[in-house]
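**Q** One structure follows; several queries about it will come next.
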Amino acid sequence: MNDQDSLPVLVVGAGVSGITAALEAAETGASVVLVERQPYVGGRVAGFYHYFPKMCPPSCGLEINVQRLERNPRVRVLTETRVSAAEQVDGGWRVTLERAPAYVTEACTGCGECSKVCPVSVVDEFNHGMSSSPAIRLSHPQAWPQRFVIERAACADGCEACVQSCAYDAIHLDATVTTEELQVGSVVLATGWQPYPLEKLSELGGGVLPDVISNVQMERLASPSGPTAGQILCPSTGQPPRRVAFVQCAGSRDVNHLPYCSGICCLASLKHAQYVKDQHPDTEVSIFYIDRRTPGRNEDVLTRIGDMDGVRLVKGKVGKVEAGDGGLVLTVEDVEAGRKLHEQADLVVLATGMVPTGNGESPFGIARDEDGFALDDFDRGLVVAGVARRPTDVAAAVRDATGSAARALAAAERGA
Amino acid sequence: MEHVGVFLCSGCGIGDALDLEAVASAAEDSGGALCHTHPCLCAEEGIALVRESLSSGEADGLVIAACSQRVKCKAFSFDSATPVQRVGLREQVTWSHPPNDEDTQMLAEDLVRMGVARVLKSKPPVRQEEEIADTVLVVGGGLTGLEAAAAAAGLGKPVVLLEKEAELGGHLAGIGELAPAGPPYDQLHENPVSNLIEQVRSNSRIRVLTSAVLRGISGQPGQFKVEVAAGGGDETFMAGAIVQATGARPYDAHRLAHLGYGEQADVITSAELDAMLEAGSLTRPSNGETPQRVAFVQCAGSRDAEHLLYCSGECCATTLRQAARLRRDYPDVEPCVVYRDIRMPGQQERFYLAVQEEGGTLLMRGEVDGVGGNGNGRLAVHLRESLLGDDARLEADLVVLAVGMVPNSADGEAIRALHDAQQRVEHGESETQREEARKVAERLAAHEGTEILHLGYRQGPDLPVLQYGFPDSHYICFPYETRRTGIYSAGALRAPMDPAQAVEDAWGAALKAVQCIEAARRGEAVHPRSGDLGAPDFFLQRCTQCKRCTEECPFGTLNEDEKGTPQLNVLRCRRCGICMGACPERIISFPDYSVDAVASMIKAIEVPEEEDEKPRIVALMCENDALPALDAAARLGRTWSPWIRIVPVRCLGSVNIVWIADSLSRGVDGVILVGCKYGDDAQCHYIRGSELASKRLENVQETLDRLALEPERIKLVELAHNEFDRVPTILDEFAAEIEEMDPNPYKGF
C-alpha cells in the first residue's frame, strides 16, 4: 500500500471533489498535496445555502472535512496556488506550483483588525458581485483556512493601514509570487466548474435586467452570510418578489450554448422554489422546463416540492425575457404542443448550467471531450474527479472523487 | 493526567478584555500545574513554550486557552499521548461579551477551570495492536463486484470475489452493447463486462468463488471471519473489509397487469427485449412474426405511487440504447418511446440528440394508463395527458416495459426484529406480550430467510436499509458512510444508477474498504473521527445488562453474550460516544472523553450565591454543527448571555443524563442542549444522536420531579451548521426564560 515513503498524490482543486479525493487518499496512508486557486477550500458549494434533497447546509459536511484536513498530518493544503507547469517523469510527474504573493502569511490569527481599518471597498466576488467588502477580508464567515486575504490591486497608493493594524506581522504588501517544484506519483484533477455566464444569455435578460439572476446568485441571496443576510429580495426594489419564474436549461441542452444537460439544474430550481416558499409562502413560483430531470431518489424532491401550493411546473422553453409594464414578461414556447405562452414575474432565475473549468489550459495536456470535460489518462497517472469529468450533483461528485482517489493510488502503485 | 499545563493567549484582543492574571490564578487554584501567558500562542515562540513544558516533563496534559478548538489545530497538536483541551476564550468570551466586565471575567475563569478539570480526568489513548487481515471480500460478481475486485487488487490487496451463480457478469452479462459512457457519447459501445471477467479471472491477487453460498460473517473490520460453501466444500477465511455489490433486479413486471404484462403475450420487459436482440430474433411472442412498431413504455412501475416511488435512473438510457439497436439491426421496425420526461443527464444528452437526429424513433410525451389488445391482433397503448389530446391510443405490435430496478438488499434490522418477535412468541412473559409479538412477526414475515451477508451482529444479519430498501447512509457528503464499519455497499444495490456510475462507485467502495483495513492496522477510527486513537473502555463488573448500549449504537459495534452483557468489537467503533450517553451505570468511557471528565467540568463551574443574581446555564453543544455556528456568530460580532457555560460534546447522543442531574443538583439554573436536526432528514453525523438525546430527555423528568424543579429548566434545540444568525438568539431566549424563574434552590449545597 502507498505510504509516506511513496511519492505524494497531487490533487488539483479543493472543492468537494478535490477535498474528498485528498482526504480519502490520505486516510489510506498516502501523502497528499492539495492545491487550490482560491484562498479558501470548499469550491462552489461553499457559497450554497442548502443541498438537495435533504435541504441541509453544505457547510455541515465541509466542517467534517475541514476538521479532517486540520488533523491529518499527511495532507498539505496550499491555497492561492496553481500548477504552472508539469512534466511527465519516471514514476509520475514533476510539477511547478505557483503560489500567489503571501500578502497575508500563515501568521495571521484571523483577528480581523485589518478589515476594520481598511479604507477601500471592493466588489465581493464570493457574493457574485451582489455586495462589497473591504479589500482585506475573510472570504466568508466560515472560510477555511481562517486567514485573511487581500485584493492587492485595489489598495490605495502607499496605504499601509492594515500592516499597521496587524499585531502579528502577518501582512507583507511587498510579497511576491513564489514557486515550488514537486515530484508526485499521480494527479487527480478536480478543477470543477464555472456557472455559464449570465451575459451570454442576454435574450433571457441575463446581465441586462437587474431582476434576472442566476441560480448561483439565488444561493447567495438565500444564505445567512449572503448580501441580504438570507433575504430573497428583488435586486431592483429590495422588495420580496410576488411571482418568481425559473427558466430551466438556460444555456443548457441548447445548440447555441451548451449542447449537454447540466444535470443538476432541475433539482436546484426545485430547491430554490422551496427557499422562496419558506420565506414568502404567498409568492407564486413557476418553473418552465423541457424535461423534469430528477433521477434516482431525487424524484422525491420533484414529488414534494412540485406538489406544494403555489408551485407550478410548466412544460416549455423560455425564449425571451423582457421588461414589461407589470414586471418581467417571459415568452414560453412548447414546440411539441405547438403553443406559445406569455408569463409575468418579478424575479426571474436562470437555471444556468455548469461549464468545466480551465478548458484548454491544462499544464498536464489532459484530453477533453467535445464539451470540455476532462478524460482520465490512467497510463499517464492522470485521473479526473467530479464535475471536471461530467456535470453531477454533490453526492455523485463525492462518489466519483472517492473512486478517483483509488484510481490515482492504483496508478501510482503501478508506476512506482 | 497529573500535570496540567495551562497556556493563556493574550492575543486577538483577549488580553485587553480580561484580567489574565486572575484567569491564571483560577487555573492554578483548580489544579493546573503551571500557567503561562503568551501574546501570540500560535506563533512559533508560543508553540515552543508549550513544547518546552512537555519535553521538560513539567506538563503531561495541556489546556490551550486561546481561540476555538476548530482553528489552528495543526499548530496546537503535539503528540498523540498528550491530551489537549482547547478553551475558546476568543470566540466564547472576548469576541462575544463586553470587555473588562465582571461577568465576562467570571466566564473566562470558569471556562479555564473546566478545561483543567477535563484534562485532569483524561488519559493518553492506548494504542490498539491487533492482527489485521489484508483481504477484501467482494460479495457479488456483476459489473460492480468485478470492478470493485479489480480496484482493490489494483490497490495491492488480495481479494476474494463471491458470486452465487455459476457465472460472473450479473444481469449485464450477455448484453453486447451499452449506452455510451465516453466521448463522443453518440453511439453504442461494447459492454465492458466480458473483458472485465477475463481481467479478474487472470489477476493473481483475486480469488473467484462462483456458485458460492455465504454462510456467515463474524468479527469486525480487519478481522472478519468469513464462512463460505463453494466448489463442494466449506471453507473459512479472514477478511479485512467487505464490499457488498449484490446489485439490483428488475421490478416484478407481473405486478404491472394494467400495462398488459402477463395478460398480453406481446408485452415484454426491457430485459426480455435484450435477450431477443442478443439472440438475433426479434419476434412477437404471440405469433412469431417480426413486429412493425415497438412501443417502449417508460417509468413502468417507477415514479409511481402504487409501485416504486423513485426513478430508476437508467431506464431512459436503456430504452434509447435499445431503440438505436432496433434502428440499426431492424431498419423496418419503428421504435416509439412513450415517456413522461426523458432523463439523459450530462453528456448522455448527446446520445439522446443522436437518436433524435438519426430519425425513425418516435418520441411521444404522455402518461400511459393501460396497455391492451386492439382487436386486430395488435396492441393499444392508452395515453393520458398526451400532446395528442386527453385520451390517445397508440397501436403497436410489441410493447416493451422499461421496468425499474429494485435493490438486492436485506433489511438487517427488520430481520432482527422478526427473530426477536419470534422469540417472544415462544417465551413471552404474558399472553398480551405474546400476542403483540405474533402481530409483529406477521408484519415482518416477508423478511424470513432473506439474509445475504449473515452478519454475526447483535443488531441484525445485514446492513440496515434506509428508504426504498437501499442500504445507503443517505448522506450527500459521505455516501460511503455506512452504518456497519468496514462494510460498504456499492452499485445499483446502494442507489439507482447506470453502469458507468456503478463502475465509479465500485472504485469508491474498494477504496473505503482498503482505507478501513489500513486504519484498523494503525488502530485508528474511520470517518468521521478519522485518526482518533481513543478506544472506549467498558467497566463490565458494574454492567446491569440493560442492553441500552448494544441497542443504541448506530454502527452495531456491540454484541451481547447470553446474559446481555455487551461485547465490544473495538474496530467497529466510530467513537461517537452514544453508548456512553446511553449507559445508566456510567461504565463506558473514552480516554479523553468520559462521563466523569465532563461531570468534573460541570463541577468546576463556580455557581454564585442566590443573592448575587447571576444565574448559571450549562450549554451542551454538538461540536460538529452547533459549536461552529457559535464561532461564526462570534466572528460576526454577535453577543449572548454571560450566564452560559459551553461544554462541547462529540454528539448530543453522547450526553449522559447524569450531567444534567449533576448540573441541577449543583445549583446550575438551566441546561440547554444544542445539536443537529433529527427526523427523516437527520443531519447528525452519527445518524441519530440528537434524536436519542431528545428521547432520553423524556426520562429526565424523573430527576426534575425528584429535585422538585421546573421542567422548563431543560431544553433541546435543533440547529444547522449555517444558522449562526440564530444561535445567539437561542441562547439569549433560554437565558431570559431562566431569569424569569426563581433561582435554582440547590445553590450552595
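**Q** With a cap of 16 neighbouring Cβ atoms within 10 Å, and only residues DSSP puts in a loop, list the GluC sites (Glu not before Pro) found in the range B:655-720.
**A** none
**Q** How far is it, in nm, from the label point at A:Glu87 to the one at A:Ala323 when both lie 7 Å from their Cα along the line to the Cβ?
**A** Placing both labels 7 Å beyond Cα along the Cβ direction yields 5.7 nm.
**Q** Which whole-number percent of Cα pairs in the range B:356-508 have a distance greater than 21 Å?
**A** Of all Cα-Cα distances in the range B:356-508, 65 percent exceed 21 Å.
**Q** Right, next: Rounded to the nearest 0.05, what FRET efficiency do A:Asp157 and B:Gln467 have when you use their Cβ-Cβ distance and R0 = 41 Å?
**A** With R0 = 41 Å, the Cβ-Cβ based efficiency is 0.10.
**Q** Right, another one. Pull up all non-local amide H partners of B:Ser489: gap of 5 or more, or a different chain, and H-to-H distance under 5 Å with H placed in the peptide plane.
**A** B:Gln244
**Q** Exactly which GluC sites (Glu not before Pro) in the range B:459-567 are in a DSSP loop and have at most 10 other Cβ atoms within 10 Å?
**A** Taking the range B:459-567 and a limit of 10 other Cβ atoms within 10 Å, the loop GluC sites (Glu not before Pro) found are B:Glu562.
**Q** Right, next: Would you please calculate the Kirkwood hydrodynamic radius of chain B over all C-alpha pairs and express it in Å, rounded to one decimal?
**A** Answer for chain B: a Kirkwood hydrodynamic radius of 29.5 Å.
**Q** Turning to a different aspect of this structure: Could you tell me how many degrees, from 0 to 90 and to the nearest 10, lie between the Cα long axis of helix B:315-329 and the main elongation axis, the longest principal axis, of the Cα atoms of chain B?
**A** Long axis of B:315-329 versus the principal axis of chain B: about 30 degrees.
**Q** Farthest toward the dipole's positive end in chain B, which of B:Ser10, B:Tyr686, B:Ala380, given Cβ charges of +1 (Lys, Arg) and -1 (Asp, Glu) about the Cα centre?
**A** After comparing all options, I get B:Ala380.
**Q** Find the centroid of the Cα atoms in the range B:11-28 and in the range B:401-480, then give the distance between the two in whole Å.
**A** After rounding, the separation between the Cα centres reads 56 Å.
**Q** Another one. Peptide B:473-483: average number of partner chain Cβ atoms within 10 Å per residue?
**A** Going residue by residue through B:473-483 and averaging, the value is 6.
**Q** If R₀ is 22 angstrom, what is the calculated FRET efficiency for the pair B:Ser665 and B:Glu611, using the beta carbon separation as r and rounding to 0.05?
**A** E between B:Ser665 and B:Glu611, to the nearest 0.05, is 0.65.
**Q** Can you order the peptides B:159-171, B:664-676 by their average number of other Cβ atoms within 10 Å per residue, highest first?
**A** Ranked by mean Cβ neighbours within 10 Å, highest first: B:664-676, B:159-171.
**Q** Among all the aspartates and glutamates, which ones have a C-alpha under 16 Å from A:Lys271's C-alpha, if same-chain residues fewer than 8 places away are not counted?
**A** List returned: A:Glu219, A:Glu284, A:Glu299, A:Asp300, A:Asp307, A:Asp309, A:Asp393, B:Asp681.
**Q** Residues of the range B:451-471 with backbone nitrogen within less than 16 Å of a virtual label 7 Å along the Cα-to-Cβ line of B:Glu551, please, listed as ranges.
**A** Those under the cut-off are B:458-460.
**Q** Ok, one more. By average Cβ neighbour count within 10 Å, what is the ranking of A:298-305, A:266-273 from highest down?
**A** A:266-273, A:298-305
**Q** Assign unit charges at the C-beta atoms only (+1 for Lys and Arg, -1 for Asp and Glu), then state the dipole size of the protein assembly as shown relative to its Cα centre in Debye, rounded to the nearest 20.
**A** Charge dipole, the protein assembly as shown, about its Cα centre: 1400 debye, nearest 20.
**Q** Also: Can you work out the PRE-style zone for B:Ala173? Point 7 Å along Cα to Cβ, and I want the residues of the range B:179-208 with backbone N under 15 Å.
**A** Residues B:192-202, B:208 qualify, since their backbone N sits under 15 Å from the label point.
**Q** Report, as an integer, the average count of C-beta atoms from other chains found within 10 Å of each Cβ along B:348-355.
**A** So the per-residue partner count for this stretch is 4.
**Q** Starting from the 7 Å offset along Cα-to-Cβ, what nm value, one decimal, do you get for the label separation of B:Leu34 and B:Ala271?
**A** Each label point lies 7 Å from its Cα, and together they span 7.1 nm.
**Q** Something else about it: Would you mind calculating the relative contact order of the range B:607-749 from Cα pairs under 8 angstrom and at least 6 residues apart, reporting the percent as a whole number?
**A** In percent, rounded to a whole number, it is 36.
**Q** Report, in degrees rounded to the nearest 10, the 0 to 90 angle that the Cα long axis of helix B:626-635 makes with the longest principal axis of chain B.
**A** With both axes taken from Cα atoms, the answer is about 60 degrees.
**Q** For the range A:309-357 and the range B:601-632, compute the distance between their C-alpha centroids and round to whole Å.
**A** 52 Å
**Q** What does the convex hull of the Cα atoms of the range A:269-416 come to per residue, in Å³, rounded to a whole number?
**A** Per residue, the Cα convex hull of the range A:269-416 comes to 162 Å³.
**Q** Something else about it: Per the Debye formula with a single identical scatterer at each Cα and no solvent contribution, what log10 I(q)/I(0) holds for the range B:607-749 at q = 0.20, 0.22 Å⁻¹?
**A** -1.20, -1.37
**Q** May I ask for the percentage of alpha-carbon pairs in the range B:1-124 that lie more than 25 Å from each other?
**A** 13 percent
**Q** Taking C-beta distances below 4.7 angstrom as the pairing criterion, name the unpartnered cysteines of chain A, in sequence order.
**A** Taking the Cβ cut-off of 4.7 Å, the unpaired cysteines of chain A are A:Cys56, A:Cys60, A:Cys108, A:Cys118, A:Cys155, A:Cys159, A:Cys166, A:Cys234, A:Cys249, A:Cys261, A:Cys265, A:Cys266.
**Q** Please compute the average number of Cβ atoms from other chains found within 10 Å of each residue's Cβ in peptide B:501-510.
**A** Mean number of neighbouring Cβ atoms from other chains: 6.
**Q** With labels modelled as points extended 7 Å from the Cα through the Cβ direction, what inter-label distance (nm, one decimal) is found for B:Asp391 paired with B:Ala229?
**A** 5.8 nm
**Q** Could you pull the Cα extents of the range B:253-384 along its three principal axes, largest to smallest, in whole Å?
**A** If we take the Cα atoms of the range B:253-384, the spans are 40, 37, 25 Å.
**Q** Can you give me the Kirkwood hydrodynamic radius for the range B:545-631, using every pair of distinct Cα atoms, in Å to one decimal?
**A** Hydrodynamic radius (Kirkwood, Cα only) of the range B:545-631 equals 15.5 Å.
**Q** Less than 15 Å from a label point 7 Å out along the Cα-to-Cβ axis of A:Asp282: which backbone N atoms in the range A:302-322 qualify, by residue?
**A** Under 15 Å, as judged by backbone N against the label point of A:Asp282, lie A:310 of the range A:302-322.
**Q** Could you work out the helix-only [θ] at 222 nm for chain A, with each DSSP H run of four or more residues adding -39,500 (n - 2.57) and the total divided by the number of residues, to the nearest 500 deg cm²/dmol?
**A** Calculated from helices alone, the mean residue ellipticity at 222 nm is -6500 deg cm²/dmol.
**Q** With the calculation restricted to Cα positions, what are the radius of gyration and Dmax of the range B:203-325 in angstrom?
**A** 20.9, 59
**Q** In Å, what Rg and Dmax follow from the Cα atoms of the protein assembly as shown?
**A** Considering the protein assembly as shown through its Cα atoms, Rg and Dmax are 30.8, 99 Å.
**Q** Show that you can apply the helix-only estimate: for chain B, add -39,500 (n - 2.57) for every DSSP H stretch of four or more residues, divide by all residues, and state [θ] at 222 nm to the nearest 500.
**A** -9500 deg cm²/dmol
**Q** Same structure, new question: Between the range B:677-702 and the range B:357-380, what's the alpha-carbon centroid distance in Å?
**A** The two parts, judged by their Cα centres, are 51 Å apart.
**Q** Same structure, new question: Calculate one ³J(HN,Hα) per residue across the range B:264-273 by plugging θ = phi - 60° into the Karplus curve 6.51 cos²θ - 1.76 cosθ + 1.60, and present them in order as whole Hz with x for glycine and proline.
**A** Going residue by residue, I get 10, 4, 8, 9, 10, 9, 4, 5, 5, 5 Hz, with x marking Gly and Pro.
**Q** Also, quick follow-up: Ignoring solvent entirely, what values of log10 I(q)/I(0) come out of the Debye formula for the range B:519-575 at 0.17 Å⁻¹ when each Cα is a single scatterer?
**A** The calculated log intensity ratios at q = 0.17 Å⁻¹ are -0.56.
**Q** Using all C-alpha to C-alpha distances in chain A, build P(r) with 10 Å bins and read off the rounded percent in each one.
**A** Answer for chain A: a P(r) of 5, 21, 28, 25, 16, 5, 0 percent.
**Q** So what's the angle, to the nearest 10 degrees on a 0 to 90 scale, between helix B:44-55 and the longest Cα principal axis of chain B?
**A** Orientation of helix B:44-55: about 80 degrees from the principal axis.
Only the coordinates and a few stated rules stand behind these numbers; no lab work does. All figures in this text were calculated on a predicted structure; none of them were measured in a lab. Neighbour counts run over all protein chains shown; Cβ positions are idealised from the backbone, glycine included.
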